[in-house]
Structures are given as C-alpha cells and as structure tokens.
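Just below is one structure, and these are the notes that go with it.
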Amino acid sequence: MRSRRLAQLTLVVAGLLVFPMLAAPLFAQQPIVLRVLDEGPEVGPWYKNAMEYERVTNGRVRVEWIASPWDGIQTRLATSFAAGDTSIDITKTWGGWTNEFWLFFQAIDDRWPPIQRGTLLPYALQPVSAAGHIYGVPRHVTLYYFYWNKRMFQDAGFDPNKPPQTYDELVAACTKLTKTGPDGRVTQWGYAESMDAGSPMLNTFERWLYRAGGDILDARGAPVFNDRRGLRALQAIYDLVHKYKCMDIGQLQLGNGATRQVFNAGRVAMMSMWGSGWAESQDPNRATKDVIGNVGITILPALDLSVTRSATIHGSEGYAITKAAARRGVADEAWKLLQYMTSRTVQLEALRTRGYMPSSLALYNDPQLKRDPYLSPLLAATVEAGKYPVKRFVWSNYGRIQDAIETELQNALRDRKPLQAALDSAAAAVTHILKGP
Amino acid sequence: MYPAGVSDILRPRLTRRRLHTTPLVLLAPALMLLVAVGGYPLVGAARISLLQFRINAPERFIGLANYARLLADPQTLDSLGITAVFVAGSVTTVLILAYLISLLLYQEFPGRSLVRTMVMIPWALAPVVNGIMWRSLYAPNFGPLNDALARLGVLTHSVNWVVDYPVPSLILAYVWKVLPLPTLVILAGLEGIPPDLYEAAHVDGAGSFRRFRHITFPLMRSVTLLSLILMLVDALHVFALVDLLTHGGPAGRTLVLNYSIFRTAFRYLDFGYGAAMAFTLTSLILVLAIFYLRASAEAALAIER
C-alpha cells in the first residue's frame, strides 16, 4: 500500500515536471517566418545578415532562405506567380524581373519617403521600379567597367597606367597584345567581352550602342537600335573580331563567368566586365599570381568622342516584397528585414567581399574608403562612370525581346547576315513582340 | 461456397470475376500515385494549352488557337527542324557505335570485364555534370579538346566548336553520355544468340560479314528496334545539355523543341502556348512509348524462342 502510494506520488511529480517542458512549445509565441528567394550564400553577405536577423529580433522573426541560381529565380517566380503560390515573401529582383512581375509585388512608395530615396545613386532605383511605382529596395549597384592587365601592357611597351580612352587606342593595344604561338594558335587575346546568349550578347551591344549615342527603343517605345548608331556599335564589335582579329569569335559561347576565368588565367589582356571582376581578379583562389595585383579598372573607352567620352550599363539589383507577404500580414516585418539587409554596414561588407558597389551616395564620399588601396580604384571608376550615361534596357517582354535581338546579333557576328540586315531583322522581330498577340 | 440455387453455369463466372479483382486491388495504390503524379499534371497541361494564359493577364479560353499558332510559328517550326536533325544525327550515331562496341565487347579478351564496367562511366554521370564537362572541353582556344588535337597534329588552329559546329558539338556530347545503355542492351541481345548458329555458319564457310548479315542482324531486329525507340524518346527529351552548353544558341541554332518549350513558358511567360508545345511533344513521345512497349514484348518473345 505504501509502495503503491509512493509510486503514484512519483508519477504525479514526474508529470508535473515533464508536462511544462512538453507543453511550452505549444504556448510559446511562434516566430514570424519570412521566406526570402535569392541566390546562395556564396554570392554576397545578404544571406549571413538575414540569418543574423533572428538574433537581432530575439527570435521574433525567423528568415528562411530559398537559394536558387540566377536563372532559377526567374523560373521560380514565374511558376509561383502563375500557380498562385504564396511561399515567397521577399525576392531578389532587377529591372527585367520587376517589369515582368510588378503585378505580384507590393508597392512601397508610401513606406519610403522620397527624401530617403534621394540619398541613393540615381540609377539605383531602376531595378525596383516599374509602371511609375517603387516595388523594392536597392541592394547594390554594379556597372560594367574596363579592366586591363598592367604587366601585359608593360611587356608590350605600353604605359601600364594608361588604359585605352578611345576605340582607336583600344584597337591599337588590342592588336599588339594578341599573341600567337609557334603552332599559329592564339596564346593571348588582346580583348574579351562576353557574347553568350541569355543576356551577355545584348549587354555587350548595349554598351557600344550607348557609346554611339543610340538606344534600344525611342520615347514612343519603337525600336531604333537599327539606325546608323546601332550599325556603328555592331560594326565596332564585328571589327574587333574579324578585321583586327584581337577578340575571339569564341566569345559567342562564353558568358560572364567564363570570360572572367580567361582574364584571371592571364590569357586575355583587357576585358569589359561587371564589378565582380575586380574582386575575382584579386582573389588567389580565382586568379593566377601573374594577374593578382596587376589589374587596373576604369571606365569604358569612347566609341566616338564627339558623342560621349564613355557610357555603360548597370546591373543593379534589389529586393521586392511580394503581395503574398501582404496577404499573410507580414509586409511590415518584411520591410524591416529589407532595411536591415540593405543597411550601410551590409553594403560596405558587400563592397569589400564581392566588389558590389553601394547604392548609398554617402559611402562614395567616405574618406576611409577613398584611401583604401583595394576599394579606391573601384569607387573612383564608379564615380567617374556616373558622369556619363548609365543605362539598362528593360521592358515588360524583356526575355522575348532579348532573345530576338541576340539571335540576329550572333547571326551578324558569325557572318550569317550582313550587319544592317541583322539589325533590321531584329528590329522587325521586336516590333512584332511589342505589338502583342 | 455458392448460395443454394446458383446454377453450375454461373459458378465458374463468379469464380473468375473474383480472381480478376485481386490484382487490381493490389495495383490500386501504385495506380493512384501514377495518376496523381503523372495524370494530373498531364490533364492540367492540356487544360492550360486551351487558354491564353499569360502571367500578367487574366486567363481566357481560346480553344485550339495555340495549336494553330504552333503550326504557323516560324520559330517553333525551326525548333522542330533542329530537333529532327539532332535526333536523327544522335540516334544514328549512337546505334552504329553501340553495335560496334557491343561486337567488340562480345569477343573474349583479357580485361573484358573491366572494359565493360568502364563503358558504363558516362551513363553514371549526371546530365548537368556532362554539360559542364563538355562546355569546358569545347572552350575556344584554351580548351582541352583543341589543345589535345593540336598536340596530336590534327589541328593547326583552334576550332570554335560550339560557334561553328553547334549541332554536331551537341550530338557528340549527347552521344558520349547516352552510349552505354544501348550498348548494354545490344550486348545482352548478342549474348542471347545461340553460338551453335555461328559454329554452323563457320563450318559452311561463311565469313564475318555474312555471319553478321544472315545471323546477327536478323536475330537482333527486335532488340535493335527496342534500342532505337528508347534512344528516340531520350533524344527528344534533351534539355540540360542544351541549357548548359549552348542556351539554344548561337543564334538559335541549337534551339531544340524541349528547350523552346521551357523558354516559351518560363522566360516569355506564355504558359498557354508553352503548354500546347509541351502537349504536342508529349503526344509524340507517347506514340513512341507505345511502339517501345510492343517492341519490348516482341524482343522478349524472340529471346524466349
């Protein structure tokens, strides 16, 4: 009898001790979960900072990161929105995607006072703007710059600190810096630009087109890239490949990553590339010792000095809040997370680790950054580039238009069509696309 | 067992009906899964193919307009042509090489087992790995393929494989990957032929070519047909290789139908038209699959005989 009572008492005490432990999770406040769609952690510091946010909010908010390669993000967004999926609260975006998916994004004009937006670089807002509204927060800006290998310049008898300023100077350097081996094969190309399908080809054409004073569409939205300025731009690229033979036609199959690899392997003397090229050319894991410390960065050379000294494109990106987040009632929390993830501290970290330029104007005037031997050339090139046109073509049917133009550009560069005919075919295709079904 | 009054004529029928229900009941879970995973998306795609379904506009029923557009769309017809060339080129190459390799592996030689195992290596690679590997091999100027051929004295200048020979480059990369499977199928077929037939032919004075023509090839007809259909279905499916190696370029020269479907739906956000293209390709593959099942049954019968 006593032993039975003792056993009963023990059970009651054990239950009183165990029950709170088991029941506590049921009664504890569940964290607000925010789901972010972006590339993986290797691309920049945003993942790390998003994961830190849970600690910062004392567990009130938890961030789930949905990692996807660049191309996969667009596919994921298209599928999700078409299916009415609500699993994405925040997504990485750029001008093309914002123009395609703005109907599914939450406008944030009323959250973000214009005076705060005024502290950003002028082109920083383009990737998150569409249809007259702002749909997200800029994350970083990046431009296309001109890179050159100073040691190769010196070996060829050029001043290593004087990169080409004009097309003629580029051609002179390019031809001299292209070398062949005893078997007649090229061992070093003078110049490289990515011309792969899927955006590099169009980006390359855009850069030359803007330096020629042209544009893809006019103010009425009609294609104008097949005018004399477009022809001039395409001719410039064509001649580098076929007339001066200092750029490899094989660049038609090389994207940005492969082009950086070739440059960082010391096989190309000059290239045009995004800002990420700067970080990679200093990285011992990605560049040879002959390249590290021997790379210069500056603005793109002029095509016609009477038009403009330079022009470039930007690849600025941002984060957008989806309408799904608003429907779930977490749009306010998403906005706070975005402010945290795009703070000046994070922007600085992205700059130092990946060469992504900050969208905040104030950082460009920071004296410490200006003195930094690693960052100051990149900052100076960005400030200089900002004095000239910095543009990027985006449109609601961007994917289709891009493919139509790139197909004809590649036909022209492969000598399958005369240059003007290729441009005219592309313009006709774009007109047809813009007209709609 | 049966209620009283049930005639003798009915009893066997009742017994037969009860026996046939059992397999269906056992198969039901698998069939339900198949319907859910395969049938539901198929029906959904068929429905979408009858709509104007763009992401930025409300969906609208348009009947067979997407299919009519498919027949008149120059880009789609171009894709069909490129697909036909790719499929014909790769399937022919695969079958010829599979036969040659199988005949070699059929012979006795030291290390045959090791060689048979090594032949399987390409098949074991993931399609993505295969695509990345060949992209590296084909790299212009500084790629290993150009380098090796130059050192062997075959090339005097670097070749831009993907730019100048896009479809053959794609075929080569594809054939390398898929060759092991038909090789094994054909090898299994060869090993199923009774050796007595060859001995008798040899006694009668028939040479290698006549033995192949009058014994091997006729007896291998079903297996060959099986491999052919298998390869046709697989070649029509090609996607990862195109995405990684060429993105459908240069200038759309490798825009096979499967990749065109992906671009239409997920890049151009024209889901209705993309679904119509996908459904057309699926129907074609379904027809081939039916031929495959018939050929498979015939091959099994041939082996039994």
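Key figures
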quantity: Rel. contact order, % - alpha carbon contacts under 8 angstrom, at least six apart, chain B; calculated: 27
quantity: Computed E for residue B:132/residue B:214 - FRET, C-beta separation, R0 45 angstrom, nearest 0.05; calculated: 0.50
quantity: Counted charge near residue A:342, where neighbours are those whose Cβ lies closer than 12 Å (Asp, Glu -1; Lys, Arg +1); calculated: +2
quantity: Set A:92/A:323; A:245/A:417; A:336/A:387; A:179/A:289 screened for pairs whose C-alpha atoms are more than 25 Å apart; calculated: A:336/A:387
quantity: Share of carbon and sulfur in the accessible heavy-atom surface of chain B [1.4 Å probe, %]; calculated: 71
quantity: Residues residue B:156 and residue B:287, FRET efficiency given R0 of 51 Å [Cβ-Cβ distance, rounded to 0.05]; calculated: 0.60
quantity: Residue (of B:148, B:124, B:175) at the positive-pole extreme of segment B:121-199, dipole from beta-carbon charges; calculated: B:148
quantity: Global form of chain B, assessed from the alpha-carbon gyration tensor, a/c cut-off 1.5; calculated: oblate
quantity: Partner chain coverage, peptide A:76-87 - average Cβ within 10 angstrom; calculated: 2
quantity: In degrees, nearest ten, helix A:2-27 long axis to first principal axis of chain A (Cα); calculated: 30
quantity: Charge dipole (debye, nearest 20) of the protein assembly as shown; +1 at Cβ of Lys and Arg, -1 at Cβ of Asp and Glu; calculated: 1500
quantity: Positions from segment A:246-262 whose accessible area shrinks by 40 Å² or more when the full protein complex is built, not the chain alone, probe 1.4 Å; calculated: A:253
quantity: Heavy-atom surface of segment A:374-437, accessible at 1.4 Å and reported per residue (Å²); calculated: 40
quantity: Potential lengthening between residue A:365 and residue A:344 on full extension [0.36 nm per residue; Cα-Cα distance subtracted]; calculated: 6.3 nm
quantity: Relative packing of B:142-154, B:32-44, which averages over residues the other C-beta atoms within 10 Å, highest first; calculated: B:142-154, B:32-44
quantity: Shielding score for B:240-252, defined as the mean number of other chain Cβ atoms within 10 Å; calculated: 6
quantity: Dipole moment magnitude, nearest 20 debye, chain B about Cα centre, only Lys, Arg, Asp, Glu C-beta charged; calculated: 740
quantity: Å² per residue, accessible surface of segment B:68-304 at 1.4 Å; calculated: 49
quantity: Interface size A-B, as summed buried accessible area [1.4 Å probe, Å², nearest 100]; calculated: 3000
quantity: Prolate/oblate/rounded call for segment A:297-426, Cα gyration tensor, a/c under 1.5 rounded; calculated: oblate
quantity: Where labels lie 7 Å past Cα in the beta-carbon direction, separation of residue B:188 and residue A:62 in nm; calculated: 4.8
quantity: Degrees between helix A:228-238 axis and first principal axis of chain A (Cα, 0 to 90, nearest 10); calculated: 90
quantity: Mean Kyte hydropathy of 0.5 or more with a Cα span along the axis of at least 27 Å, helices from DSSP in chain B; calculated: B:74-106, B:271-304
quantity: Average other protein chain Cβ within 10 Å of Cβ, residues B:161-170; calculated: 3
quantity: Prolate/oblate/rounded call for segment B:174-288, Cα gyration tensor, a/c under 1.5 rounded; calculated: prolate
quantity: FRET E, pair residue A:219, residue A:85, Förster distance 56 Å, beta-carbon r, rounded to 0.05; calculated: 0.90
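The values are calculated or read from the model by the stated rules, or taken from the named source; none is laboratory data. Predicted model, so just to flag it, every value in this text is computed and none were measured. Note that each Cβ is placed from the backbone with ideal geometry, even for glycine, and that neighbours are counted across all protein chains shown. Heads up: the accessible areas ignore ligands, DNA and RNA and are worked out on the full protein's heavy atoms, side chains in. Shrake-Rupley method; radii C 1.70, N 1.55, O 1.52, S 1.80 Å.
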